[in-house]
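Asker: My questions will all concern the structure given below.
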Amino acid sequence: IATPLTALLKKDAFHWIDVDTKSFEQLKEAMCSTPVLATANFSKTFIVKCDASRSGLGAVLMQKGRPITFESQ
């Protein structure tokens, strides 16, 4: 979602175009909306996405792109 906006940070001249506006609106919507948790379907495939650093970790359990649960420490 943020790739067009990240490209604006390069050393070239800053030129805001329609694709940047669309990207900004999509990013704003994604950051401000609360995901609705799905109910697990044990006959379907689960996906675990995780991220970690020295100060913590986070994970989400998903099915079909919908979050089932979030975990962090």
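The values are calculated or read from the model by the stated rules, or taken from the named source; none is laboratory data. Just so we're clear, the structure is a prediction, and the values are computed from it rather than from any experiment. Methodologically, a virtual Cβ is constructed for each residue, glycine included, from the backbone with ideal geometry; neighbour enumeration extends over all protein chains shown.
Asker: If I filter region 58-66 for residues that are basic (Lys, Arg), free of Cβ contacts under 8 Å to residues at least 12 places away in the same chain and not assigned by TED's automatic domain parsing to the domain that holds residue 3, do I get at least one hit? Quick ask: steps written out before the conclusion?
Answerer: Going residue by residue through region 58-66, those that are basic (Lys, Arg) are 64, 66.
Next, from what is left, pick out any that are free of Cβ contacts under 8 Å to residues at least 12 places away in the same chain: none.
No, region 58-66 contains no residue that is basic (Lys, Arg), free of Cβ contacts under 8 Å to residues at least 12 places away in the same chain and not assigned by TED's automatic domain parsing to the domain that holds residue 3.
Asker: In region 3-30, what residues are surrounded by 11 or more Cβ atoms within 10 Å (Cβ to Cβ), at pLDDT below 90 and not in a helix (DSSP H, G or I)?
Answerer: 8, the sole residue that qualifies.
Asker: Which residues, counting only those in region 31-54, are surrounded by fewer than 10 Cβ atoms within 10 Å (Cβ to Cβ), of a type in the set (Gly, Ala, Ser) and modelled with pLDDT under 95?
Answerer: Selection gives 33 alone.
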